[in-house]
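Comments concern the structure below.
Just so it is clear, none of the values below were taken in a lab; they were calculated from the coordinates. This structure is a prediction, so every number in the text was calculated from the model and none was measured. Please note: Cβ atoms are built from the backbone with ideal geometry, for glycine as well, and neighbour counts cover all protein chains shown.
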Amino acid sequence: MLITRKIIRESMKFGIVPREWGYFVEESVEQCILAKRVGFSSIWIEEHHGNEYYLPSPLPTLAGLSQHVPGMMIGTSIAILPLYHPVRFASDGAILDQLSGGRFIAGVGAGYREHELKLFGIPMSERAGRMDESLIIIAKLWEGEVVNFKGKYYSLENFRLTPLPIQKPRPQIWVGGWVKQAIERAARLGDAWFPGPSGTISFIEENLEFYKECLEKYGKKFNGFPIMRDAYVAVSDDIAVREAEESINYMYGIDYAKTEHPLLKGKQLNIDEWITDRLLIGSPLTIIEQIDRLRKMGVNHLILRLSLRK
C-alpha cells in the first residue's frame, strides 16, 4: 500500500472541486486552504445555470479563490464555451491568468443541458460549430496573434488581445465531451481530453484509444490526460456507500438523468456499477486501488468532487 501511494503521488497531480452551492464562500475557501495544506495542487469550478448545486460564474469565482491559495493551479471544469463570445472568454481568462500569477487552466465543453443554452439564445445545433471557432480564436488571441477570422458565428478583424496571459505560449486548454466528435475536437484543438465524472472508467478506456488515434492523426503525442471523479472516503467500503448513497441517488438518479446528457439521459441507477466503475467510493485502501487503475490508464491529473450534494 505504501509503495502504491508513493508511486501515485509521484506520477499524478490532484485537484479539488470545493463546495459550490448556497452561501459557499467561507466553506469553499476553508476547503481550498486545507486542500493545499494536504498536498492538492489545483482548484476547479464548474458551470451550470439555474441549478442550486452549481455556480454560474466560474472565472470570477476562481479569481477570488486564487488569492487564498498561492501556488495552486486554478481551472474551469468545465466552462460552457458556446455561452461566451470567444473574445470575452479570452479576455477574462487572460486577466484571471494575470491575477493568479500564471496558474489558469481552461477546461471547456459544449454543454449538454438544453435549457442553459436556450437561456442564452444558443440552439443545441450550434454547439459544435461555436466550439470549434471559439477554440481556434482563443488560442490565437492568448498567443498574442493579430487575429483575422471570419467564421459562421464569429468574426474578428485585425484584433490583438491585451493584456496577454502570463503563461507562454498560453494557458492550457482542456476539452471535455463524450461523443466521438468531442473527443476528436479535444485532440485537434485542445491540449488534453478532459472526461468528466459521469462516464464509466470502462467507457473512458474504450474511447482513450480513439483519442490516441486522433492525436497521432494531428501529429501530437499522448502525454497522459486529466479526469474528474466524484469521491467519498470512509473507514470501510460499506460505510462509505451507505453515507454517500443519498447524494449518488440525487446526482445520478435524478439530476443527470433528467438532462440531455449523452451517457445518462433516462438511465436507471445501478448502484453496484456506479461504485465499481464510475465513482471513487470506499475505504482508503479501496480508493488507492481505484486511483492506481486510473494512473495505469494514463491519468496524470485527478480532479475530485468531495462535497456531497443532498
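Answer rounded, prolate or oblate for the range 13-231, using the Cα gyration tensor with square roots of eigenvalues a ≥ b ≥ c: rounded when a/c is under 1.5, else prolate when a/b is larger than b/c, else oblate.
Rounded, because the longest to shortest axis ratio a/c is under 1.5.
Within 10 Å of each residue's Cβ, count the other Cβ atoms and sort R130, R293 from fewest upward.
So the residues, fewest neighbours to most, are R293, R130.
Which net charge results for the neighbourhood of G177, defined as the other residues with beta-carbon distances under 11 angstrom from its beta-carbon, given Lys and Arg at +1 and Asp and Glu at -1?
Neighbour charge sum, excluding G177 itself: +2.
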For the M297, Q172 Cβ pair and Förster radius 22 Å, calculated FRET efficiency rounded to 0.05 is 0.65
Please state the charge dipole magnitude for the chain, taken about the Cα centre, from unit charges on C-beta atoms (+1 on K and R, -1 on D and E), reported in debye and rounded to the nearest 20.
860
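For T286, T61, T76, which order do you get if you count the other beta carbons within 10 Å of each Cβ and list the fewest first? Walk me through the intermediate numbers first.
Working: T286 17, T61 22, T76 27.
Starting with the residue having the fewest Cβ neighbours, the order is T286, T61, T76.
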Mind checking which aspartates and glutamates have their C-alpha under 16 Å from K220, skipping anything on the same chain fewer than 8 residues away?
E184, D191, E209
Kindly write out, for the range 90-105 in residue order, the coupling ³J(HN,Hα) from the Karplus curve 6.51 cos²θ - 1.76 cosθ + 1.60 (θ = phi - 60°), rounded to whole Hz, with x marking Gly and Pro.
4, 5, 5, x, 5, 5, 4, 5, 5, 4, 8, x, x, 10, 8, 10
For the Cα atoms of the chain, what angle does the longest principal axis make with the long axis of helix 2-11, in degrees from 0 to 90, nearest 10?
10
Mind pulling the angle between the C-alpha long axis of helix 201-217 and the longest principal axis of the chain? Nearest 10 degrees, somewhere in 0 to 90.
30
Compute the helix-to-body angle for 25-38: its Cα long axis versus the longest principal axis of the chain, expressed 0 to 90° and rounded to tens.
70
Among G144, A79, I33, whose Cα projects farthest towards the positive end of the dipole of the chain, with charges put on the beta-carbon of Lys, Arg (+1) and Asp, Glu (-1)?
G144
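Can you sort T276, T162 so the residue with the fewest Cβ neighbours within 10 Å comes first?
Ordered by Cβ neighbours within 10 Å, fewest first: T162, T276.
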Just from its helices, what would the mean residue ellipticity at 222 nm be for the chain, if runs of 4 or more DSSP H residues each count -39500 (n - 2.57) and the sum is divided by every residue, rounded to the nearest 500 deg cm²/dmol?
-13000 deg cm²/dmol
